[in-house]
1. Just subtract the alpha-carbon distance of Arg141 and Ser78 from 0.36 nm times their residue separation and send over the number in nm, one decimal.
2. With each label point set 7 Å from Cα along the Cα-Cβ vector, what nm distance links Leu102 and Val134?
3. If the convex hull of the alpha-carbon atoms of segment 46-105 is projected onto planes in all directions, what is the mean projected area in square nanometres?
4. Once label points are set 7 Å from the Cα along Cα→Cβ at both Lys153 and Asp177, what is their separation, rounded to one decimal in nm?
5. Once you treat every alpha carbon in the chain as an equal point and sum by Debye, what is log10 I(q)/I(0) at q = 0.09, 0.13 Å⁻¹?
6. Which order do the peptides 79-88, 57-66 take when ranked by the mean count of other beta-carbon atoms within 10 Å per residue, highest first?
7. How large is Rg/Rh for segment 101-147, to two decimals, with Cα atoms and a Kirkwood Rh?
8. What ranking, highest mean first, results for peptides 21-30, 188-197 when packing means the other Cβ atoms within 10 Å averaged over each residue?
Amino acid sequence: MFLLACSAAISTAAAAPTSHRPVLVLGDSLSAAYHIDVESGWVTLLAQRLAQQNPQNPHVVNASISGETTSGGLARLSGLLAEHTPSLVLIELGANDGLRGLPLDQIRTNLGRIMTMCRDAGAKMILLGIELPVNYGPQYRSGLRGMYRDAAKEFNVPLVPFLLDGVAQEPKLMQDDGLHPLAAAEPKVLDNVWPAVQATLPALR
């Protein structure tokens, strides 16, 4: 079984202070710049693009941890919401749950609780989906895919169906484990996320 490696590092990318509440990224190693420089990760690139586009855009807080699961993110979320009062939360969780073959109902419940907490805190959300390796079988992979789609519909939030679209399919863009992008692929990962972020920004003002 493939597992995303776990570390305790949390990175924070911040632009100049603004009057806007920040963007919070709640994710796992796919958002925590696993085995690459933090400055190369898509979350740091997002912070840079936001600041370059408009200095008044919200700054970005990266609360992603390698190895994180939906249950771990749920356990941390209350403190993160209280500390940062984000205007927007990018939720990128479920990969480790899926790689461990956890029941879809359990993942779905955790994700729903996370999204309910964000909504109740007055934060907009963007849901970032993942795809599992083909050896997990079509039924489980399809179920996980449908879980993201259904959650986005239920909460009426934008969905990025596959964070690594156009990256995971290219071995030259992936690390040797076949799960994590190389630094050279991180701009493409950001390009997958950016349209949803850009479309949500006006609602944060």
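Read-outs throughout are calculated quantities, based only on the coordinates presented, and are distinct from any laboratory measurement. None of the values given here were measured: they were computed from a predicted structure. All Cβ positions, glycine included, derive from the backbone under ideal geometry; neighbour counts span all protein chains shown.
1. Value of the extension gain: 19.7 nm.
2. Spacing of the two 7 Å Cα→Cβ label points: 2.7 nm.
3. That works out to 5.1 nm², a quarter of the Cα hull's surface.
4. 3.3
5. Evaluating at q = 0.09, 0.13 Å⁻¹ gives log10 I(q)/I(0) of -0.30, -0.64.
6. 57-66, 79-88
7. Result for segment 101-147 is an Rg/Rh of 1.06.
8. Order by mean packing, descending: 21-30, 188-197.
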